[in-house]
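What follows is calculated from the coordinates using simple rules that are stated; it is not laboratory data. The structure displayed is predicted, hence computed values, not measured ones. Every residue, glycine as well, gets a Cβ built from its backbone with ideal geometry; the counts of neighbours run over all protein chains shown.
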Amino acid sequence: MARFRLRRRAQSSDRGERLGDPDGALQLLFAANPLPMWVYDLETLRFVEVNDAAIAQYGYTRDSFLSMLITDIFPTAECPHGRRAVSERKEALWKSGTWRHRRADGSFFDVEINSQLLVWAGRPAALVVAHDVTETRRLQAELTRQALFDEATGFASVALFADRVRAALAGWRHEDRQVGVIAIGLGALDIVASTAGDEAADAMVKATADRLRACCGAQETLARLGGGRFAILREARDEHAILALAGTILRALGEPVEVSGWGHLGCNAAVGVALASREAMNAASLVRDAGSAMRHAAERGGREFIVFNAELRRRALDDFETEQALGAAARLGQLHLCHQPVVDLAGGGVIACEALLRWERPGLGLVGPERFIPLAERSGLIVELGAWVIEHAIAEAAAWRERARVQPKVGINLSAHQLRDVDLVERFSSACAESGLQPSFVCVELTESALVANDDYSAYKILTALREMGIEVAIDDFGTGYSALSYLDHLPIDVVKIDRGFVAGLGVGQVDRLLVDAVIKVAHALDLRVVAEGVETELQLNALRELGCDAAQGYLLARPTIDAELPTALRQACEAVAY
Ligand code: C2E
Ligand code: CA
Ligand code: CA
């Protein structure tokens, strides 16, 4: 009805001429436009024309519109009625921008206004196009909220936290107070996620968030930095208040949290603190330093919180440099493999050689894996490094037959991360295919913790795939990790390597002998072979023989040697076990 009336009016009136639009095309564009549009008199502020879209959007009839002032659609608080207020705001009124408008039913919505001045019936007027931006604004607000807050906990996001720390540090330079960041990491979260599932992990995160909230007051900013990592910004008169809070948090997280369906689970929290200092004056370094202190606390068992200091700063810098250099080490030909023989205690032959990685670091000489493998694991570099080891260890083992006229198996150590490498199985099969080494001459070594750090099923699948190729699987450092003997029954493995910590106790006390005895008995019952690691004395060797251990490895038999000396090492190792 309204549409018909407008169209008729558009054709029959002289308004087309007033718009400088003799054939009415612009008038039609106005009338039928899906965007609300109107014209109002700049002097009286009265609406003099509105289109259908404006009527539909605002809910006033055409007649009401034409009896209203432009200010009637503004919220009362923003634009008080009365001629004085109107005239004062006149100039601002026709400007383009974002406004809040009122509908006939009293509800409000946000509009973006585009205004053009024009002459209407000989009087100055403004043509207005109104764009409803309520939904856009709501979405923007939602996106902002998501960018600023973590959904699961309601804590600040990384971005918001960095902003708050920046603001606190900006003030700190001039005031007599201390700024600290407390970093919290849940060591158990990954294991909970892989064993009990994501829902249980989420429940642990939420329970931790509740505890952290209970430890803090209104003045702290709590943030979730991702996964099981949290941070708290605390400003105080002096550092004691900040350290006291770190202690409170450590105690609060020391109690297991209840996860429905799983009972009480320990979250294995580690806490680190970084205090603003002349060296840590920017937000990024303060947050990073707190994280380094937290990781250091985790390495030390997490029983105490650690405050970042100059020594840790030096170590963090060292780690950074090491990581950079290690990334280039393979390309620069600085990586080498040493081999250590594993000797059969019954037959006396060398049945395997374990490949042990060495890094010839310029200026530092030969660096052992203990110095760089943990770092490579933390940074993820281990996958690349591990790939180099697989390729070279297999190629070198293939060459033994010609050079040493023997073919022991090659033992290759794998880290937890490598079990998540989708190309892992393929790396082994192509290295074997290229070198001509039978996969049955390869044995991978994995610690229990590496297996636990991955979800059981994927570790199981990968180990099964490797064994189907003919590759043997050994559990390394047995006894140091979770060490449930029943565990041995569930895993697709062939060999158990008893950790040298237990071997060291052989011939000294009764406990270690009983333990080694038990491991050997269970392993044999499950048809697994047992290798004792770190054999250093004749006493240990004899004890292992008596207990029926299958094979041994250690300095007494041979030290890890470089490839050129391997034939000699193999001979010596065999002689060492000869009766
Ligand atoms: P591991 O797998 O337990 O390797 C045995 C370690 O014990 C070697 O240290 C070896 O030199 C040392 N060892 C052997 N016999 C004796 C002994 O009689 N007494 C004592 N005290 N120690 C002995 P290394 O070469 O320093 O390697 C340390 C660890 O680094 C290895 O422990 C292994 O976990 C890791 N590693 C070495 N190479 C690689 C690699 O290519 N990849 C991965 N992921 N880890 C590696
Ligand atoms: Ca090993
Ligand atoms: Ca070992």
Mind giving me the nanometre distance, one decimal, between the label points for Ala346 and Asp176, set 7 Å out from Cα along Cα→Cβ? 8.1 nm
Fully extended contour minus Cα-Cα distance, from Ala121 to Thr134, at 0.36 nm per residue: 1.3 nm
Computed lengthening from Leu539 to Gln510, 0.36 nm per intervening residue step minus Cα-Cα distance: 9.1 nm
Quick check of the Kirkwood formula: for the chain, what is the inverse mean of 1/r over all pairs of different Cα atoms, in Å? 30.3 Å
Given a cut-off of under 8 Å on Cα pairs at least six residues apart, what relative contact order in percent is computed for the chain? 8 percent
Calculate how large, on average over all directions, the projected area of the Cα convex hull of region 532-579 is; give the answer in nm² to one decimal. 3.2 nm²
Using a 10 Å cut-off around each Cβ, can you sort Val442, Val119 from fewest to most neighbouring Cβ atoms? Val119, Val442
Over all directions, region 329-414 yields a Cα convex hull whose mean projected area in nm² is 6.5 nm²
At a Förster radius of 25 Å, what calculated FRET efficiency corresponds to the Cβ-Cβ distance of Leu366 and Arg571, to the nearest 0.05? 0.60
Using Cα atoms only, what is the angle between the long axis of helix 566-577 and the major principal axis of the chain, expressed in degrees (0 to 90) to the nearest 10? 60 degrees
What trypsin sites (Lys or Arg not before Pro) does region 266-354 have in DSSP loop regions with at most 15 other beta carbons within 10 Å? Arg278, Arg300, Arg303, Arg331
Region 460-579: Cα Rg divided by the 2.2 N^0.38 Å rule of thumb: 1.11
Just to be sure I understand: of the beta bridges DSSP finds with both ends in the chain, what percent are antiparallel, rounded to 5? 70 percent
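Report, as a whole number in µm² per second, the diffusion coefficient that Stokes-Einstein gives for region 129-178 at 20 °C and 1.002 mPa s using the Kirkwood radius over alpha carbon pairs.
Once the numbers are plugged in, D ends up at 161 µm²/s.
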Please order Trp99, Trp388, Trp359 by the number of other Cβ within 10 Å, starting at the fewest. Trp388, Trp99, Trp359
Would you list His490, His296 from fewest to most Cβ contacts within 10 Å? His490, His296
For the residue pair Arg46 and Leu526, what label-to-label distance in nm results when each label sits 7 Å from Cα along the Cα-to-beta-carbon direction? 9.5 nm
For region 347-489, just list the percent of Cα-Cα distances falling in each 10 Å bin from zero outward, please. 11, 40, 36, 13, 1
As a test of the formula, what do you get for the chain when each DSSP H run with n ≥ 4 contributes -39,500 (n - 2.57) and the sum is divided by the residue count, at 222 nm and rounded to the nearest 500 deg cm²/dmol? -14000 deg cm²/dmol
Limiting things to C-alpha atoms, what are the Rg and the maximum Cα-Cα separation (Dmax) for region 485-529, in angstroms? 11.1, 33
Report, to the nearest 10°, how far helix 538-547 tilts away from the longest principal axis of the Cα atoms in the chain, using its own Cα long axis and a range of 0 to 90°. 80 degrees
